Amino acid sequence: MLEIVLISSLKVMVIMAAVLTGCAYATYMERKVVARLQHRVGPTYAGPYGLLQPIADAVKLIFKEDIVPNRVERITWGLAPLVSFVPALLTFIVVPFGADIELFGRQIKMVGSDLNIGILFILAVTSLGVYGIVLAGWSSGSKYSLMGGIRSSAQMISYEVGYGLSIIGVILVANTLSLRELVEQQASVGDWFIWRQPLGFILYLTCAIAETNRLPFDMPEAESELVGGYHTEYSSMRFAMFFMGEYANMLAVSAVGATLFFGGWQGPYLPPVVWFILKVFLFMFFYIWLRATFPRFRYDQLMAFGWKVLFPLALLNTMVTAALVML
Amino acid sequence: MNLDTIIFAISAVVAVFGAVMMIGQRNPVASVLYLIVSLVAQAVLYIQLGALFLGAVLIIVYAGAIMVLFLFVIMLLNLRGREDLGAGSPPVSKVTKFVVAGLFVLELGFVVWSGVFPEAGSTGIQSAASEFGSVEVVAELIFMKYLYPFELASVLLLAAIVGAVVMAGRAAVTETDESDDDDAVKEQTVDEVHG
């Protein structure tokens, strides 16, 4: 009993620490990659190659003044950054990042919690992520924030449908909801689900970008129209919390994408954890690449694209996959 | 007192607390938030019963989709809880609400009573089978045993959605009196319903 609690808390602490570090260095990666793509060099002053830049940023944000505007609804406003950050972290609990290992004579699974409905758990916590943004927009008492919040709720509801449907194809092929079994079924490169679900993968990727509010789908925080969107009224660590939430979300959809379509931690020679991190950061690189390449969609285009293109395609993918599985 | 009991106690109290607070709020957004709290606590209860699938679906469908829609509509209408809630309710409802609430309490009391003191011969409330609420069991119920009722219910929902779109479209047309610009109006209302 005590042993289980101890092992679980240790695992959770390790995973949280890893994800938070990952978030911090995702910002560094984003700045460096975008800089390179735009023929600049990015951060260089803090440490070698600017590697200490995330730490400098964090210290700066902590020491900034925490401004609470007069017109906010206090409790909701204070809760919103947490609500947007925590669900993103929760996703990592069910994502496996390595094979089982023997430690001190005990079998330890390299996953926070091996739920047999892992994928549904991910969908559930992802669907809660929207509240942070909606509540921030509503409780700020500012029209820009409200616009950002409303846009975001409409966008996230629309794209969540496609997101869920794109995963169903994989579930149908694999015939399991457990992420652990999914990874085990993708032992070699030829078994990766991306080959059996190419359309599903493209849909997943597109919807995931919209779900995490990244360019070219970053309507909720389109700074040229909305000042800053839902986080306009936030400053200091509260703002940083939204920022971390966004990066944690990116990491989460990357990790899930790598697990669903690219065989998770499976790979030759290198240790499983390294493969997992490599695959996740490949996804992250793609995200950043997109950001540096594409302009923002117009809002009505975004909604029309979600409902008239992605949604029918996702339905088609589900139907065709189901038919093929039945045959 | 083991871990299960503690988790049950906490989530049960939170679920009831959320439900009560939801009714007591004047601010509609706060009501929605309390309802979400209550739903999440209920999901924990399902999961504790071993019905992982039901718990996850409760969060995905209700907390994740329907409540977001509620919140969205409330924000669009900009309800801030200043509406006078007491006015306009007919005198009949003052009686009926107590009757309905009383019946519900009686019913609840009966269930609890028959669970705590089972009559001789009956076994009282049965604990669910171990497979209860798993993906396979739910799928078999929906897609094998109750396939036609399930499909009928979905057709009913579809009819309701189509009806809402048609009615909203008609209202928009008569308001703006732009029957020649029918397509644009329809498209707009479709977007609103989808949002």
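Tabulated results
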read-out	value
Protein heavy-atom accessible area occluded, A/B pair - total, 1.4 Å probe, Å²	2300 Å²
Minimum 50 Å² accessible area buried by the other protein chains, the stretch B:40-55 residues, probe 1.4 Å, relative to alone	B:52
Solvent-accessible area per residue for the protein assembly as shown (1.4 angstrom probe, square angstrom)	55 Å²
Rounded percent of accessible protein surface that carbon and sulfur make up, the protein assembly as shown, 1.4 Å probe	71 percent
Dipole magnitude (debye, nearest 20) for the stretch A:68-326, charges at Cβ of Lys, Arg, Asp, Glu	300 debye
For the stretch A:68-326, alpha-carbon Rg over 2.2 N^0.38 Å	1.04
Lys, Arg +1 and Asp, Glu -1 on Cβ, resulting dipole of the protein assembly as shown about Cα centre, debye, nearest 20	1260 debye
Expected-Rg normalisation [2.2 N^0.38 Å, Cα atoms] applied to the stretch A:159-241	1.49
Accessible surface ranking that places the most exposed of A:192, A:275 first, with a 1.4 angstrom probe	A:275, A:192
Peptides A:41-49, A:155-163 ordered by average Cβ neighbours within 10 Å, highest first	A:155-163, A:41-49
Net length gained if the chain between residue A:101 and residue A:70 were fully extended (0.36 nm per residue, minus Cα distance)	5.8 nm
Shape metrics for the stretch A:37-109, restricted to C-alpha atoms - Rg then Dmax, Å	20.4, 58
29 Å Cα-Cα threshold exceeded, pairs from A:32/A:60; A:32/A:64; A:279/A:308	A:279/A:308
Chain A: DSSP helices with Cα axial extent of at least 30 Å and average Kyte-Doolittle hydropathy no lower than -1.0	A:2-37, A:143-174, A:236-261, A:272-293
Neighbourhood net charge (14 Å Cβ-Cβ; Lys/Arg +1, Asp/Glu -1) for residue A:20	-2
Peptides ranked, highest mean first, by Cβ atoms within 10 Å: ranges B:110-116, A:229-235	A:229-235, B:110-116
Per-selection Kirkwood Rh - the protein assembly as shown (Cα, Å, 1 d.p.)	25.6 Å
Computed helical MRE - 222 nm, the protein assembly as shown, DSSP H runs ≥ 4 contributing -39500 (n - 2.57), nearest 500	-22500 deg cm²/dmol
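The values are calculated or read from the model by the stated rules, or taken from the named source; none is laboratory data. For clarity, every value in this text was computed on a predicted model and none was experimentally measured. Because the Cβ atoms are built from the backbone with ideal geometry, glycine has one as well, and the counts that use them run over all protein chains shown. Note: accessible area is taken over every heavy atom of the protein model, side chains too, but ligands, DNA and RNA are not part of it. Shrake-Rupley method; radii C 1.70, N 1.55, O 1.52, S 1.80 Å.
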